[in-house]
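The values are calculated or read from the model by the stated rules, or taken from the named source; none is laboratory data. The model shown is predicted, which means the values in this text are computed figures rather than measured ones. Heads up, the Cβs are rebuilt from the backbone with ideal geometry, glycines too, and the neighbour counts pull from every protein chain shown.
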DNA sequence: CATGAATGAGGTTTCATTCAT
DNA sequence: TATGAATGAAACCTCATTCAT
């Protein structure tokens, strides 16, 4: 995809009617299914439409182009994860560091594994620049919320909150991606939560200054 | 995913003449350049050949198909990183944990940032199964070497070396990927080394049992 | 020979709309025209599509590949000839040998010369195995019908009906092919019917045992 | 058809040296082998050269293009068959009809089955016009010899020798081709000679006028 | 609004042929 | 002369997108 600045990536219309919403959902589901069963290179608009039980024409009523479709699907996924993590972070305002890490990591892992297929399917969609910005935006936002949380820790202070937050998030995201992409050895998957907690907490405690 | 097992991914001929070797190198370099400047979706065999200053036909004398070309480029990159890290790990046999982490992380970061363009360009090439296997194989091998190193630590023992190694590697690879893919804010990049060391060491010390 | 069993030779969709049927017919006709005017080696999908007044894409909506297109055209031709000959053979059940030969040969020659262009165009399409099987199947079926006819002759019996039938059919098909392929001297063409009759009858009478 | 008048179909040089002759023979053999094992569509100049144990460049020293190579191979095959049949025909000058047929048919069948692989491989090479002319020329020449023979029959006269000869030849060639192309049921193959004799003799006796 | 037939640019790949070594 | 690397025109085929019905 060239990703020209001209073509819009936003959905064409906000579906207000019930039937429309059902169609959009069907297309959404179909996209993920095709992604999972056939892979990104084999994801064609016709195939998605067929799996959704509609015609290509209909698909193009809701998305101006294929990019927009993928963008939209990725967006929804990232927002869901982001919201979950942000909610967890906000709920731990003022708590001790260990509790923060425990709760946030748990929320992240739960969100990712609950929608594991979605997550797997979407990892390789980052192909384009528009998408890179999207990811950046979501991380940015979640980053702010988490930074606020860290700054409010009852038992720790941080010298460079921005940097520390970045690493904290990366420490959650990175290994999770490795596991999901790498066809998860399964016995490792169940260990992901505690391990991630240990990883993040170990790091944060090293970086923490006494309050 | 598709990925037919039939289509070979191995290069077509070992170039014997001097001219051939130059051609192969040019194609190799061109692939990375195109990947960097145009991205994977815009990487076409014609474009690569043009950038290399040869014709498509020539490209196909050395690689049976586009996949094989990408596979080959990725393979070389992964091997280089893998070798570097493994060498570092072997050199620290019997050392204390902190020294191990410091050395291995430094080696990894150095290798990745030295070939930063290559690394960036190749992250999104994992499109298909053949590639997934390759990554797995390299990780497998490096994992064994690192596990051996960890088991030899003079000041620590680990309950589940396999799992710990996996997380250790993921903790290095994941955040690095995030940074390189995310267009690196640069001031963060210089912090990567120490941060990664802190992340890994914090984790490993939590997991370590007294010896 | 190559001929992978995987690639389907069957048309892609049964056209339901009126427009579609017209398109399919146009492609069909175009194939024969191109075959006639340019020959098999110059028959490209683009050329066929252009002659049919459609785009390549359209052609590929109905045929999964070039082979399938040729297969389809050949199939229709063979079926037509086959049906004609079989009908003639069945109508002569129980008749005397000379009448049988006269009728069947006449039917065959009529069918071939009526669609002479098609016949000429298609002789050299037997390039691959899928096609060979098709030809075999048609010959097989027609052979059975003809064998039945011969066995019912009122004035003759045959020792080895299978062999005799084979030769009978080959005696019709072979010289006809020679003539059509050889750019027919025209004055010979009009003689084909009687000559073929003489050839076949001469043979069958020699092979016949008294009843 | 393609066959541009400009490109010569004649071999480039008459090889006079022994080594050259060996090379030409090797290329010749290789062409037939490739034709048999891979089929015409997969016959490439490189493959032929490789099978012959030489380089493409060498192949092009002896044949100006691929057409010329195929032409040459077909030519040699046809000449061999032609010579055999003509010799047989000439040897039967003045003999009775039955003896003529018996001898000529036997010679033809022997020649074809002795070089059966060659024959099979070459049937589908008639693709081009230049080739059609070649076939015509050979048939023409053999036809004259056979016509002369028929006219000299001690026990028969023919009203239209030209036509009769044409049918006689076609009656030999056609069924033989059918058998060889059709993957020969083998038990039929051994019957080919007598059957062909019966076919031709039956025809010729019907066409013969008393002398 | 929905459909799906049609489009055609563009991608991958092959292979006859040339020519510097 | 022999070699085989290089060429590039041209083939096959796909698929995002449009638009008449």
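Would you mind finding the one in D:44, D:23 that is within 16 Å of DNA strand F (Cβ to nearest atom) and exposed (fewer than 15 other Cβ atoms within 10 Å of the Cβ)? Outline the logic, then answer.
Numbers: D:23 fails: exposed (fewer than 15 other Cβ atoms within 10 Å of the Cβ).
Only one candidate qualifies: D:44.
Do we find a residue being under 30 Å from residue D:39 (Cβ atoms), without any contact (Cβ under 8 Å) to a residue 60 or more places away in the chain and buried (at least 17 other Cβ atoms within 10 Å of the Cβ) anywhere in the stretch D:140-160?
No: the stretch D:140-160 contains no residue that is under 30 Å from residue D:39 (Cβ atoms), without any contact (Cβ under 8 Å) to a residue 60 or more places away in the chain and buried (at least 17 other Cβ atoms within 10 Å of the Cβ).
Go through the stretch C:47-57 and count every residue that is surrounded by fewer than 14 Cβ atoms within 10 Å (Cβ to Cβ) and more than 8 Å from DNA strand F (Cβ to nearest atom).
Here the count works out to 1.
Is it the case that the stretch D:112-126 has a residue that's assigned to a helix (DSSP H, G or I), at the interface with another protein chain (Cβ under 8 Å from one of its Cβ atoms) and surrounded by 17 or more Cβ atoms within 10 Å (Cβ to Cβ)?
Among the residues of the stretch D:112-126, not one is assigned to a helix (DSSP H, G or I), at the interface with another protein chain (Cβ under 8 Å from one of its Cβ atoms) and surrounded by 17 or more Cβ atoms within 10 Å (Cβ to Cβ), which makes the answer no.
Checking the condition more than 10 Å from DNA strand E (Cβ to nearest atom), within 14 Å of chain D (Cβ to nearest Cβ) and surrounded by fewer than 18 Cβ atoms within 10 Å (Cβ to Cβ), which residue from C:36, C:70, C:97 passes?
When all the criteria are applied, what remains is C:36.
Which one of these is in a helix (DSSP H, G or I) and under 21 Å from residue A:90 (Cα atoms): A:180, A:204?
Numbers: A:180 fails: under 21 Å from residue A:90 (Cα atoms).
After ruling out the rest, the residue left standing is A:204.
What's the number of the condition residue D:65 fails, among (1) within 14 Å of another protein chain (Cβ to nearest Cβ); (2) more than 8 Å from DNA strand E (Cβ to nearest atom); (3) in contact (Cβ under 8 Å) with a residue 24 or more places away in the chain?
That leaves (2) as the condition not met.
Considering (1) within 16 Å of DNA strand F (Cβ to nearest atom); (2) surrounded by 15 or more Cβ atoms within 10 Å (Cβ to Cβ); (3) within 14 Å of another protein chain (Cβ to nearest Cβ); (4) closer than 30 Å to residue B:189 by Cβ, say which one residue B:60 fails and leave the rest.
So residue B:60 meets the others, but not (4).
Among the residues of the stretch B:39-57, which ones are within 11 Å of DNA strand E (Cβ to nearest atom), more than 13 Å from every other protein chain (Cβ to nearest Cβ) and closer than 22 Å to residue D:46 by Cα?
Across the stretch B:39-57, the qualifying residues are B:55, B:56.
For residue D:103, are the conditions met, namely being surrounded by 15 or more Cβ atoms within 10 Å (Cβ to Cβ) and within 13 Å of another protein chain (Cβ to nearest Cβ)?
In short, no.
Residues checked against (1) under 22 Å from residue C:206 (Cβ atoms); (2) in contact with a helix residue (DSSP H, G or I) (Cβ under 7 Å, 6 or more places away or on another chain); (3) at the interface with another protein chain (Cβ under 7 Å from one of its Cβ atoms); (4) in a helix (DSSP H, G or I):
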| residue | (1), (2), (3), (4) |
| --- | --- |
| D:131 | no, yes, no, yes |
| D:137 | no, no, no, yes |
| D:140 | no, no, no, yes |
| D:189 | yes, yes, no, yes |
| D:192 | yes, yes, no, yes |
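Return the residues of the stretch C:174-204 that are under 22 Å from residue D:179 (Cα atoms) and surrounded by fewer than 19 Cβ atoms within 10 Å (Cβ to Cβ); say none if nothing qualifies.
Hits for the stretch C:174-204 are C:181, C:182.
Give the residues of the stretch C:148-170 that are at the interface with chain D (Cβ under 10 Å from one of its Cβ atoms) and either under 14 Å from residue C:71 (Cβ atoms) or in a helix (DSSP H, G or I) (or both), sorted by residue number.
C:162, C:163, C:164, C:166, C:167, C:168, C:169, C:170, listed by residue number.
Output the number of the condition that residue D:10 fails; it satisfies all remaining conditions of (1) surrounded by fewer than 18 Cβ atoms within 10 Å (Cβ to Cβ); (2) at pLDDT 90 or above; (3) more than 13 Å from DNA strand F (Cβ to nearest atom); (4) not assigned by TED's automatic domain parsing to the domain that holds residue D:197.
Every listed condition holds for residue D:10 apart from (2).
Given the conditions (1) modelled with pLDDT of 95 or more; (2) within 16 Å of DNA strand E (Cβ to nearest atom); (3) more than 14 Å from every other protein chain (Cβ to nearest Cβ); (4) not in a loop (DSSP other than H, G, I, E, B), which single one is not true for residue B:89?
Only one criterion in (1) modelled with pLDDT of 95 or more; (2) within 16 Å of DNA strand E (Cβ to nearest atom); (3) more than 14 Å from every other protein chain (Cβ to nearest Cβ); (4) not in a loop (DSSP other than H, G, I, E, B) is unmet by residue B:89, namely (2).
Only one residue in B:173, B:145 is part of a helix (DSSP H, G or I) and more than 13 Å from chain A (Cβ to nearest Cβ), so which one is that?
B:145
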